[in-house]
Amino acid sequence: MSVQSRTALTPVLRDVRAVVFDTDGVITDSARVHAAAWKAAFDAFLRAHPPADPDQRRPFDVRDDYLRHVDGKSRLDGAAAFLAARGIEASAETVRAVAAEKERLFTRRLREHGVDAYPGTVRLVEALRAAGVPRAAASASRHAGELLSRAGVLDLFDVLVDGGEAARLGLAGKPAPDLFLEAVRRLGVPAGGAAVVEDALAGVEAGRRGGFALVVGVDRAAGADTGARLLRHGADIVVRDLGELCAGGAPQ
């Protein structure tokens, strides 16, 4: 890494030997599409099968419920976690049905509207590439490759580990660190020399459990306590935009 290329990064990243990026909400503006699909699927289920407790019948919240129960998790794990949180003892068949409906809705919205990459993330990834730092994209979603390709950023990454690969390899879902550890294994860098970038509570916890040198939380929600929650779950630092990790900070 040249002196000039090192100076394009903030000091916190200058000794990192590789970086693993989550996809939804970190690289691409697709978390909103996932959240909208989950809301439509869960709200329809709650209307058809209202919980006994009236307080548990409230609609799915695309900020709090999404962050707390489904963000960063596989579809089945996310569906099961939310239904359990509403006091619903759902069978495996019910969980699969809700997850399948979410998948149908997400796929339709993705094909109709597409997604964009965050400019600050692209700026950081390009700075890392110029500095010779290997980069991986990792996601519990089977759509990660399509998302990155549609956003025009797939070629910025050396490695992609998506939900299909996770299933093939039998990797445990977040907050287990398996997905991220497989990504750095493919990059040829130990976790102790690498960074993880995540916007999900389960994701930053996975980075901490995996022994990564640096866990960066991305607070896209900019809520009153989302940054603090990311820190409590394992983030070393929290930023609103990944451009902040380039020299000169996020573009205005």
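The values are calculated or read from the model by the stated rules, or taken from the named source; none is laboratory data. Values in this document were obtained by computation on a predicted structure and should not be read as measured data. Using ideal geometry, Cβ is built from the backbone for each residue, glycine included, and neighbour counts are taken over all protein chains shown. For accessibility, only protein heavy atoms count, side chains too; no ligands or nucleic acids. Shrake-Rupley method; radii C 1.70, N 1.55, O 1.52, S 1.80 Å.
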Inset, instruction - Pairs of Cα atoms under 8 Å, at least six residues apart: use those to get the relative contact order of segment 114-192, whole percent. - result: 31 percent
Legend entry - Size of electric dipole in segment 194-244: Cβ of Lys, Arg +1 and of Asp, Glu -1, about Cα centre, debye, nearest 20: 160 debye
Legend entry - Over the chain, relative contact order from alpha-carbon pairs under 8 Å, at least 6 apart, %: 25 percent
Inset, instruction - State the Kirkwood hydrodynamic radius of the chain in Å, one decimal place, computed from all pairs of distinct Cα atoms. - result: 18.4 Å
Legend entry - Along the chain, longest interval not containing exposed trypsin sites (Lys or Arg not before Pro), exposed being DSSP loop plus at most 15 other Cβ atoms within 10 Å: 64-239
Inset, instruction - Counting helices only, and only those DSSP H runs with n ≥ 4, report the 222 nm mean residue ellipticity of the chain as the sum of -39,500 (n - 2.57) divided by its residues, in deg cm²/dmol to the nearest 500. - result: -13000 deg cm²/dmol
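Roughly to the nearest percent, how much of the accessible area of segment 124-252 is carbon and sulfur, given a 1.4 Å probe?
That share works out to 49 percent.
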Inset, instruction - Would you list, by chain and number, the lysines whose Cα falls below 19 Å from the Cα of Lys39, excluding same-chain residues fewer than 8 positions away? - result: Lys73, Lys102
Inset, instruction - Using the heavy atoms of the protein chains and a 1.4 angstrom probe, tell me the accessible area per residue for the chain in square angstrom. - result: 44 Å²
Legend entry - Relative contact order (%) - segment 14-151, alpha-carbon pairs under 8 angstrom, separation at least six: 42 percent
